[in-house]
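Structure first, commentary second.
The values are calculated or read from the model by the stated rules, or taken from the named source; none is laboratory data. Note that the coordinates shown come from a computational prediction; the quantities given were computed from them, not determined experimentally. Cβ sites come from the backbone with ideal geometry, for glycine too, and all protein chains shown count toward neighbours. For the accessible areas, the whole protein counts, side chains as well, though only heavy atoms, and no ligand, DNA or RNA atoms are used. Shrake-Rupley method; radii C 1.70, N 1.55, O 1.52, S 1.80 Å.
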Amino acid sequence: MARNVVISGGGTGIGLAAAREFAAEGDRVLLLGRRAEVLEKAGVPGVLTYAADLSDPAGVRGVADFVARELGAVDVLIHSAGGSGQLEPQPDDEDPLEAVAHQWTVNFRLNVLTAALLTEALKERLAEPGGRVLFLSSIAAYRGSGSGAYGAAKAALHPYAHDLARQLGPRGITVNVVAPGYIEDTEFFGGRMDEARRERLVGETSTGRAGTPGDVAATLHWLASPGAGHITSQVVQVNGGAERGH
Ligand SMILES: NC(=O)c1ccc[n+]([C@@H]2O[C@H](COP(=O)([O-])OP(=O)(O)OC[C@H]3O[C@@H](n4cnc5c(N)ncnc54)[C@H](OP(=O)(O)O)[C@@H]3O)[C@@H](O)[C@H]2O)c1
């Protein structure tokens, strides 16, 4: 039976790959993101789109109204919206502490608030039994990625997912987290991935290759399947073994 699937950050990268995977099964998919033109050009046949800043309660209220009108129930909720903040507008202020405050605030908004606000807004619409909530964390939650702000924001999703799994479990809803390593062909690095860094990241894997959006989408699809109904409150790493290192 066709399911209703809501995907934040669905216009690009991992979210878009997931959208293609679910749409190919005949599911009804709603793509969310801030840039309407990116969502419209996503090129997934039959999808609905709604543009909103999901770190803003007013934007999320608009999504909830749209979902109520167009979908009713939500079978699968995937939170792929996020980022390290590098692509966001940078502050003019050169004060070093202002820069730190900006970086931590932006990472919290992009990765935590987007996921928490959208979850809370749609929680009562999740299909029961059978509903699925899936968060996107990162290898950075385990080992950092530079400033600490991005990894800390992603790590914040883990206890939120555990609390939510306890809360929603009695309704037959599972909640899991997928934590990718380096994934190519996304907008995440904003074209700033140089060859030496790429080689280093690929070199950390046991598989000897970069991850693809399809690798993560397939894992999300599996966790959303009926067969994964007894898997909840888990963090599944998709990184070719990179977190363990050599
Ligand atoms: N690529 C990697 O190597 C990697 C590794 C580990 C984890 N991840 C995580 O995987 C998820 C997907 O990232 P990706 O690699 O597919 O990168 P991506 O292509 O940059 O996708 C992120 C998406 O989030 C949307 N977004 C960002 N802020 C938003 C907001 N406030 N409200 C609504 N939408 C927002 C962006 O669209 P708009 O700008 O139009 O809003 C974009 O479509 C992210 O959470 C990322 O942190 C990625």
Please pick out the residue among ALA210, ALA218, ALA224, ALA228 that is within 10 Å of the ligand (Cβ to nearest atom) and either buried (at least 20 other Cβ atoms within 10 Å of the Cβ) or within 20 Å of the chain's Cα centre (by Cα) (or both). ALA210
Please go through (1) more than 13 Å from the ligand (Cβ to nearest atom); (2) modelled with pLDDT of 95 or more for ASP194 and return the number of the only condition it doesn't satisfy. (2)
Looking at (1) open to solvent by 50 Å² or more (accessible area, probe 1.4 Å); (2) out of contact with any Ser or Thr (no Cβ under 9 Å at 6 or more places or on another chain); (3) more than 23 Å from VAL175 (Cα to Cα); (4) at pLDDT 95 or above, which is the one condition that is false for ASP95? (4)
Restricting attention to the stretch 50-64, and to residues there that are away from the ligand (no atom under 11 Å from the Cβ) and of a type outside the set (D, E, K, R), which single residue is surrounded by the fewest Cβ atoms within 10 Å (Cβ to Cβ)? ALA58
Conditions: (1) in contact (Cβ under 8 Å) with a residue 24 or more places away in the chain; (2) open to solvent by 40 Å² or more (accessible area, probe 1.4 Å); (3) within 14 Å of the ligand (Cβ to nearest atom). GLU70 meets all but one. Number of the miss? (3)
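Let's see how each residue does on (1) open to solvent by 70 Å² or more (accessible area, probe 1.4 Å); (2) farther than 19 Å from GLN86 by Cα; (3) of a type in the set (Gly, Ala, Ser):
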residue	(1), (2), (3)
THR114	no, no, no
LEU118	no, yes, no
LEU136	no, no, no
ALA141	no, no, yes
ALA161	no, yes, yes
ARG166	yes, yes, no
The stretch 32-49: number of residues that are open to solvent by 30 Å² or more (accessible area, probe 1.4 Å) and near the ligand (Cβ under 6 Å from one of its atoms): 3
